[in-house]
1. Name the one entry in B:L165, B:L160 that is within 16 Å of ligand 2 (Cβ to nearest atom) and free of Cβ contacts under 8 Å to residues at least 60 places away in the same chain.
2. Need the failing condition index for B:H93 against (1) more than 16 Å from ligand 2 (Cβ to nearest atom); (2) within 30 Å of the chain's Cα centre (by Cα), just the number.
3. Please go through the range A:465-480 and pick out each residue that is facing chain B (nearest Cβ under 9 Å), assigned to a helix (DSSP H, G or I) and touching a Pro at 6+ places or on another chain (Cβ under 8 Å).
4. Mind checking which strands (runs of 3 or more DSSP E) fall wholly inside the range B:56-109 and carry at least 3 residues that are facing chain A (nearest Cβ under 7 Å)?
5. Would you mind stating whether B:Q86 is within 22 Å of the chain's Cα centre (by Cα), within 12 Å of ligand 1 (Cβ to nearest atom) and under 22 Å from B:P164 (Cβ atoms)?
6. Restrict the check to the range B:21-41 and report whether at least one residue is more than 24 Å from B:E236 (Cβ to Cβ), of a type outside the set (S, T, Y) and within 16 Å of ligand 2 (Cβ to nearest atom).
7. Select, from A:A487, A:A499, A:A470, A:A464, the only residue that is under 22 Å from the mean Cα position of the chain (by Cα) and modelled with pLDDT of 85 or more.
Amino acid sequence: MQSALQKGGSRSEYRLLSAILILALCLTLAPVLRLFIEGVTDQGAPSLSLVKSVLAQDSTLNALKHSLITAGLGTLVSVVLGAAFAFLVALTDLRAKAALVFCLMIPMMIPPQITALSWTQIMGPSSVLLKTLGIAPPLGAPQPLYSPEGIILLLGIQHMSIIFLTLRAGLRAIPQEVVEAARISGARGFRTWWQVVMPLTLPSLAAGTAITFVTALGNFGIPAMLGIPAGYVTLPTLVYQKLAGMGTTVLAEVSVLAMLIGAVAIVGILLQRFFQGRQNVYLVGSTSRPLAIPLGSARLPVEILLWAVVFVILVLPMFGLLATSLVPAYGVPLRFDTMTFASWGEVLFRQPVTARAFANSFSLALGAAVVLMIICLPLAWLMERHPTRLSRLFDSLLDLPYALPGVVLSIAMILLLIKLPFTEATLYGTIWIIFLAYLARFFAVMFRPVQASLKQLDPAMAEAAQSVGAGLFQRLRDVILPLSAPAAAAGAILVFLTAFNELTVSALLWSSGTETLGVVIFNLDDSGETAMASALAMTIVFVVIALMTLIQLFSRRFPKGVVPWQT
Amino acid sequence: MADIDITSLGKVFAGTPALQDITTRFEDGEFIALLGPSGCGKTTLLRLLAGFDMPSSGTIRIGAREVATATKMVPPEERNIGFVFQSYALWPHMPVRRNVSYPLEIRKLTKPEIAAQTDAALAATGLTEYADRMPSDLSGGQRQRVALARCLVSAPDAVLLDEPLANLDVALRASMQEVFTDFHKRTGATMVYVTHDQAEAMAMADRIAVMNQGLIQQFDTPQTLYERPKNRFVAEFVGRGTVVPVKAIEHDEIQLHAHILGTRIAVKSDAQSQVSHVCLRPENLSISETGDLRAKVARVTYLGGKYLLETVSACGTRLLAETRAKFDVGAQLGLTITTPWAFSED
Ligand SMILES: Nc1ncnc2c1ncn2[C@@H]1O[C@H](COP(=O)(O)OP(=O)(O)OP(=O)(O)O)[C@@H](O)[C@H]1O
Ligand SMILES: [Mg+2]
């Protein structure tokens, strides 16, 4: 209180800050806290007996082992792919870098269940694409992706953009003089890279690796689509199976599993923070010109290679998906005379569940984007103006619901809302539980860009309005809102994009009538309606790419750090 | 009516005092300059007056109203004060006209009133032809004029300006100084103008408050400040002055005499018997072969039409003198000191 009054000095600002801060704290941190309490108590008394018994089960240990293997090796694949692209794009004189970066971002933005679906459509005996080309394996041959290796490969591809982005940001922060000094002293080519660039980028590489591991660990779509058919269970799919099979009676048990995932994830987050902190110590200096080491005659081959990789990981699976969506029945080869849009028509216009899911996902995503914008704008501005101890604590913890695996958050939400305090009412089974979960999960996605843009805003802008007599809400409306609008819009589009496609959270929270698009695709595929699942998935991919293009078109008007793929 | 009354005002940032115990009064309609080295607390004082920060101790009254104490304060939006920022702080999303008319919108004036007063403010600052431009399409001087028009339009009781010309080049500064003095004459508002350019302060202000380390060292008219500095800091900071200690003093009915640098000279002072230092400015020193103070030329700087000589006296003190004739480095010359200002410093 005292410190808030010392600076700025307006009581109405302080009151508004407290109100919004408390609301935001309840939204984001209460579920996590609730989950923790559930795990370490037994009928109200502190106890670790449940933890012990769940951790002793074979299924838990197996799932933990599978999770660690797939997330670990998947991260390795991401590191190899992402780092290679990052070094080449950030350090050399490749052409068309912007297009390359944009394409590399698409895998991250496409929901994992669609990634999994699309890849299964270009491999295995029933692949329409392979059949059409006449190179499909014989019927009865196994689908090679229904295996740990398949999960690892797809997790690696799905998350390579994270490594790419963090590493590229780190590389851009390397002062040009450092490399020039090495070259003046006679180091050339590979040696400069190995002895100068590499050591300087290790912190950002390590930070990116840690966060990739956490994300892979929490991934539900890929192990669900590829692992469940193969009987290969990871921690998130184990939680899903238990909850789907036995309902909320196993809530206490699955909350322990959720805490187990959360614990591994938090170790990863702490590691990431540690390395990110080290990075700041290293990299100070001017970064006026980006590095551009000439590749010489190797440039064209390298470019061809990179675009070939993009083709294989992005374009090819999409062709598979498209081919599958256009056949009359699953398994029929695609020819001009057999091609039909029947699945598209059926899934988009006739199935009531799709229309419902579109409406649900659309209103959930839009609602989350709007509500988060309304909360985050004043909050970010007031936190910037009056840093209190509470607001600093919140600042350091608000990423938690986004960084923690979606399964963990869903279980936490169920625990928190299955029986509302002081009433018999429940939110479980209603759309509100999904909505609140989205608000918690995507809070950081909205808050960080707004915060970044307000940090760059001259405080004199608002003070000038204040000195001519504008009250708090007039200042917010006439000065702060218009000036941070581009960042808020970008944040809102990102929230919309991720919420629109989201599966992990809603997979545990949906019930009949509150299906989301992610759930529908998953269920369609699960019940063998692969053609319809593909048609719906293709539609979503188009929506994603259209929205990303929209952000890209406006990206020049955003401050630095707002568009995630332009750090 | 807006005279500003400051009593025992103090401001502490995280344990370190930025302002200590300032008590002073700015009369209604005065043009005040706050002058001082970087970090002395000028901006802090100005922000306390505006209400952007809250004092740690003391009170501020503007007119009849107590606007700030250490426990409660009137927020800036209710003070009717104008603030001109060094960074202009124009709203980049509003065209020039809207930037200027915004204060009137806040005051809920009618459309025709807003239009009329905005046009008047734009005309007064010579901005009529730029009314529809965005701030990003203006030059630095034009931007500062927009900031001034925005502040003028709502007829504030007092206008606070924080180094408004620091970002402009020398030629533009001179013409903008005129704009500010015109503005002051026309509105009669109390103006508090922060600067660390003494020529600017001397040229514009009715009175100058010289600050150092969070304290007002002296608050007087420019002439008094230059001719009768109160202490060593002011003597050295304002104008080119060398301060030398007094060995002994004698005074008779008509004249005070001091012994400095081994000679006995007549001095002026208001401190009478306790004077401890004198301030030697170039105009107190004349060069003559017969001068009883011997000195050697250490450096010569051409000032245009005259030379500034940095000389070292026999006892090692640096003295600054001005001449029309050129001297060579190393030349010996004699200096005569004519009635410098003496003050006491403890
Ligand atoms: N928000 C703050 N937190 C901590 N210390 C501050 C803050 N604002 C100012 N100070 C300190 O208070 C002292 C006075 O600062 P102030 O900005 O008033 O100086 P100034 O006279 O305006 O200097 P300049 O001529 O460089 O603008 C400085 O030592 C500064 O470091
Ligand atoms: Mg200042």
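The values are calculated or read from the model by the stated rules, or taken from the named source; none is laboratory data. Computed from a prediction, not measured in an experiment: that's the story for all the values here. Reconstructed Cβ throughout: ideal geometry from the backbone, glycine too, with neighbour counts over all protein chains shown.
1. Details: B:L160 fails: free of Cβ contacts under 8 Å to residues at least 60 places away in the same chain.
None of the other options fit; the residue is B:L165.
2. For B:H93, the failing item is (2).
3. Hits for the range A:465-480 are A:Q466, A:S467.
4. Hits in the range B:56-109: B:81-84.
5. Criteria met by B:Q86.
6. Checked against the condition, which is being more than 24 Å from B:E236 (Cβ to Cβ), of a type outside the set (S, T, Y) and within 16 Å of ligand 2 (Cβ to nearest atom), the range B:21-41 yields no hits at all.
7. Values: A:A487 fails: modelled with pLDDT of 85 or more; A:A470 fails: under 22 Å from the mean Cα position of the chain (by Cα); A:A464 fails: under 22 Å from the mean Cα position of the chain (by Cα).
Selected residue: A:A499, the only one of A:A487, A:A499, A:A470, A:A464 that is under 22 Å from the mean Cα position of the chain (by Cα) and modelled with pLDDT of 85 or more.
Residue-wise test of (1) in contact (Cβ under 8 Å) with a residue 60 or more places away in the chain; (2) within 25 Å of A:L238 (Cβ to Cβ).
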| position | (1), (2) |
| --- | --- |
| A:V479 | no, no |
| A:I493 | yes, no |
| A:E502 | yes, yes |
| A:S506 | yes, yes |
| A:S511 | yes, yes |
| A:T514 | yes, yes |
